[in-house]
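Report on the following structure.
The values are calculated or read from the model by the stated rules, or taken from the named source; none is laboratory data. Since we're looking at a predicted model, the values are computed, not measured. A quick note on method: Cβ atoms are made from the backbone with ideal geometry, for glycine too, and the neighbour counts reach across all protein chains shown. Note: accessible area is taken over every heavy atom of the protein model, side chains too, but ligands, DNA and RNA are not part of it. Shrake-Rupley method; radii C 1.70, N 1.55, O 1.52, S 1.80 Å.
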Amino acid sequence: ATDREIKNFLFIGCLRDDEVGISHPLAVTLRGIQNRHTVVTKITVANIDREEINALISETFHFPASITISLTDIVYQKTKGNALCITQFLQSLHDGGLLQWSSVSNSWEIQIQSIEAEYVPDDAVRMFKSKILQLPVKTQLALKLMSCVGSSCSEYTLLLFLEEKITINIEEEGMAKRTDKQGQRSEMLLFLNLAIHEGLVKKEGINYNFIHDQVQHAAYLLIPKEEKHLWHLRVGYNIWLNVPEKDEDKVIFIAVDQMNHGMSLIESEDKKIRLAKLNLRAGVKAMSLSTFSSCASYFSNGIKLLSLDHWENNYELSLHLHNYYAEVEYCNGNFSKVREVIKIVFDKSKSFYDRSRAYFVLIKMLCAEKKLREALAMGVKVLTCLGESLLFGFSDTSIAIKDFTKIRSSFESMTDDEFYKIQEMEDRDALAAMSFTSDLLAIAHFINQDLALCLFIYMLQLSLTYGVCKESSFALSICSGLLFNLGDLKAAKLFSHFSLSLLGRLDCKEMLPRVYVSLYPGILATVEPSEKVSEKFLHGYEVGMQTGDIFFALYNARVYCKYRFYCGVSLDVLVRDIEVWKQQATEYKQIWHWNAFSFLRQTVLTLINYSDDTSQQLSDFLSEGIDLLNKNIEDKRHRPATVICLFFSCIAYIFCDYDFARVMVETKWDLEKNLSTKFSLARHGAENFFDSLISIALARKTKEDKWKKYALECFEKEKTLTSSRSHRLLILETEIDTLTSKANNAVIDFDKAINAARESEHIHEEAIANERAGDFCLSQGDIRASQYYGQAYRLYLQWGAKGKAAQIQRKYHVSNTFQ
């Protein structure tokens, strides 16, 4: 349900209260859904009462209700109104000849006395057990074997493991492929078909399904407890021994799962190693499907199967299992386990290259924990080791910039064909360096932009020297953003084209989240509408979660929320999205993203809930975010601090708290002095729009020239960024004209801006235009002010900004000019 075109979605599910406790994953999920203000309707389905049972029996057997009361009493007494038990009991009566159709009387004959004496187990499971035990032995065996794999199984898979012989010494058999018992398995399938006739199993297409999970449970309980592990092991062995090699991937999960159930029975070291290798193979396949929780169990089981001296006797297998295990536990947010596994790798690995993947995971984990400087220091250390063979150096920014001029020239001189013919990177050291540098680049961007500049130039240099790889697409996207900030839109477009073409050429899906979050705030934002750009970030989030790039997945989610805010999406919808991703950041222990979602949420909730009709100041209402801002400034995390200032200045402007807006803007200016602004992420057009509006308001209030100057500068930047959002330019032009007393037809100009905002569906900016028009009319004594304020009030409400709408309403009521 991630399709944003779906406006309404109804999901119906069922559960048994006695099987789902308060800590059950389903119960936890349902509470989470309710906490996000999603409507959840709980319907308790009780057992059927006596009157309803009588109606069911009366209609089924075509007797008046008064005649079926005696049978109803017996059925109710023996089944307690359980629907499943009722249907099975009636079926058993028919099968036993106690309910018979008489062709003589042309009606049903009911043997009440015999039915009353009929024994009925006191629950559904016992009833099904009793029924299964009345079937042929081979049918019982087939049902018990099928119950080991779950409630459903394909005919193809059943034919791999339905064999008569179970209780044998597994250790005596090898694991060579065989087909000698194909006829026996086909015969067993015929006996399973008897269960279909008895109403215990149904066949749907190629799948055999138990009619109810209680039937599966009943069949499984017929296996002696002490033999269950053996049965699972035999099922798994049979599947793997009998499947053709070409079909192994189709059944690897079910085969390995079954063998893992019985792995405690395996004594042979050779068989343990084989199963450990199968767990590695299953885990890698599960990773490709983004099922990280099951991945962890495969790698964990693989490690458990290894002998005490496995690092000496099976080094490569041990290394791969531990590296993959650390990686998936990072994706699962289980950082304590990650540290435990990485320590083992560091202690047991033989070389730096064998430790490189563990370093890679550790750096990502430190980044998630907001230990950016520690992660960066470790990454630089790793790159220094790799750089010994790559002539690595990145400490001198001036040299790096000179190198960039040459590198840029080399790429700009290429045609599409020449770029396409660049060979793929094969050098091991270069590939490792590109992988580490790609991760470090994101970290350095926030805490050491000079180093970030050197890192991305180094990636481009490696790409020219050793060939391109998946990380090259990320480096090219960063280059596009840099050129965009330098004002070279033509070059920025060329590098964005190279980046996206390489993304497709190498089919490097895992780089897509990084490329999108680098390109779409920049040059591509000037040629595509904000709504379409925001959908790219949503796609980046989805791909990142699928590929395990959790950090950049949530990074895309954050930018998506930011763009949706600037696009004027419903605030109620936006706050729900933010809460979902904030919860996800908690689950994956992404502290840095959690903080970012927290202040985004506070920004939106302020528009919804804040009221200036109290003694509480706006800055006090935003105190939690202000604390986060101060913490970022204290820790010298200047880029995140500027983002907080930006959002809070927007909120202050919307609520007309220009003093607080001034504090936020001036703080942002001070912070930006510490940033390499040419290398920072491209500014969204709305950022310049709000900066200019704030400056205009402060120029009016303070009469200081610096605010007028800054307003004009931001307006000029806006012109280069928002050709598809002309309403912003119209609003700013009119506001600047009224500020400089050049407005001849300000009301007409405001109307043009309002109409343009309406056409672009930026409802919040249409509201702002109406409010500014109202302010202008009020200053001129024009009675149309009430009309504009009323329209602004309606639009703010429609946006979801109830707090702001209430402020407009109070402003209207306070003024008696237009009543």
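Just a few scattered comments:
- Probe 1.4 Å, all protein chains present, accessible-area order of Ser151, Ser268, Ser103, largest first: Ser103, Ser151, Ser268
- Accessible area per residue was computed with a 1.4 Å probe on protein heavy atoms; Tyr653 scores about 0 Å².
- Estimated inter-spin distance, Trp101 and Thr415, nm [label 7 Å along Cα→Cβ]: 8.1 nm
- Evaluated over the range 363-502, the Cα radius of gyration and Dmax, each in Å: 14.6, 43
- Using the Cβ-Cβ distance between Arg794 and Ser741 with R0 set to 41 Å, the FRET efficiency works out to roughly 0.85.
- Listed residue pairs exceeding 26 Å between alpha carbons, taken from Lys717/Lys742; Lys272/Lys343; Lys532/Lys752; Lys406/Lys719; Lys493/Lys589: Lys406/Lys719; Lys493/Lys589
- Residue-level accessible surface for Phe498, protein heavy atoms, 1.4 Å, Å²: 0 Å²
- Rounded percent of accessible protein surface that carbon and sulfur make up, the range 498-554, 1.4 Å probe: 53 percent
- Approximating the spin labels as points 7 Å out from Cα along Cα→Cβ, the Leu486-to-Glu227 distance works out to 7.6 nm.
- Tilt relative to the chain, helix 182-197 - C-alpha long axis, 0 to 90 degrees, to 10: 90 degrees
- Estimated [θ] at 222 nm from DSSP helical runs (n ≥ 4, -39500 (n - 2.57)) normalised by residues in the chain, nearest 500: -22500 deg cm²/dmol
- The range 517-623: GluC sites (Glu not before Pro) in DSSP loop, at most 14 other beta carbons within 10 Å: none
- Per-peptide packing, taken as the mean over residues of other Cβ atoms within 10 Å, places 368-379, 450-461 in the sequence 450-461, 368-379 from highest down.
- Stretching the chain fully between Lys202 and Asp347 yields a gain of 46.8 nm (0.36 nm per residue, less the alpha carbon separation).
- Debye-sum result for the range 59-104 in log10 I(q)/I(0), which assumes one identical scatterer on each alpha carbon, at q = 0.24 Å⁻¹: -1.01
- Model label points for Ala377 and Lys509, set 7 angstrom from Cα along the Cα-to-Cβ axis, are 3.8 nm apart.
- Full extension of the segment from Glu426 to Ile33, taken as 0.36 nm per residue of separation minus the current Cα-Cα distance, would add 136.8 nm.
- Accessible surface, per residue, of the chain when the full set of protein chains is kept, probe 1.4 Å, Å²: 46 Å²
- Element breakdown for the range 46-138 at a 1.4 angstrom probe: carbon and sulfur atoms account for 52% of the accessible area.
- Mean projection area, nm², convex hull over Cα of the chain: 46.8 nm²
- Chymotrypsin sites (Phe, Trp or Tyr not before Pro) restricted to DSSP loop in the range 34-94 with at most 13 other C-beta within 10 Å: none
- Met511 accessible area, 1.4 Å probe, all protein chains in place, Å² to nearest 10: 10 Å²
- Figure note: Lys42, Lys202, Lys138 ranked by solvent-accessible area, largest first, 1.4 Å probe, ligands and nucleic acids not counted: Lys42, Lys202, Lys138.
- P(r) tail, the range 33-150: Cα-Cα pairs separated by more than 25 Å, 39% of all pairs.
- List Tyr298, Tyr793, ordered by accessible area with a 1.4 Å probe, largest first: Tyr793, Tyr298
- In summary, the aspartates and glutamates within cross-link reach of Lys348, defined as a Cα separation below 15 angstrom excluding same-chain residues under 8 places away, comprise Asp309, Glu312, Glu316, Glu340.
- For the range 411-476, convex hull of alpha carbons as volume per residue, Å³: 77 Å³
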